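Before any comments, here is the structure.
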Amino acid sequence: MKVYLVPVSLTVSMMSPAVLATQHPAPQHTHARQSAVVQLQEHSRSLAELLQQPVDSQALHQLEELSYQLEGDLLALGSAWARVAEPLESLHQAVELGDPDAAQRHARGYLEAMNNWQSGSLS
């Protein structure tokens, strides 16, 4: 039975996302990725604008919505975004706790990570 598992596991490993990513990307995949980057940048810009006002209960609700939108954007881009996802998760937790100061601090941390990515220093 083990003789049959080797070819199956090899076939399955050849279909893994890491292997498929090394192949030439389809134009649709490239377009979807570009769209996800644009959405991520727009949602990040909205977050920066939201932080210009005091963080009250209404702003916390808006932060929660934006954080979920940003999470969806990051998921569409894949695992290379782990460094940006960490401060975003901290923002989620602060919003769930209803802590405006922590939410603002973690939102700024997320925006700093995004700025690092945009400037090319985030790998």
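Some notes on this structure:
- Filter result (touching a Lys or Arg at 6+ places or on another chain (Cβ under 9 Å) and under 16 Å from Leu66 (Cβ atoms)) within segment 94-119: Ala94, Ala113
- Those helices (runs of 4 or more DSSP H) of segment 11-113 in which 2 or more residues are modelled with pLDDT under 90, surrounded by 10 or more Cβ atoms within 10 Å (Cβ to Cβ) and within 19 Å of the chain's Cα centre (by Cα) occupy 27-50, 57-77, 82-97.
Here is a yes/no grid of residues against (1) of a type in the set (Val, Ile, Thr); (2) free of Cβ contacts under 8 Å to residues at least 12 places away in the same chain:
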residue: Thr30; (1), (2): yes, yes
residue: Gln34; (1), (2): no, yes
residue: His43; (1), (2): no, no
residue: Gln53; (1), (2): no, yes
residue: Gln62; (1), (2): no, no
residue: Gln69; (1), (2): no, no
residue: His92; (1), (2): no, no
residue: Arg105; (1), (2): no, yes
residue: Leu111; (1), (2): no, no
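The values are calculated or read from the model by the stated rules, or taken from the named source; none is laboratory data. Keep in mind the model is a prediction, meaning the values are calculated, not measured. Every residue, glycine as well, gets a Cβ built from its backbone with ideal geometry; the counts of neighbours run over all protein chains shown.
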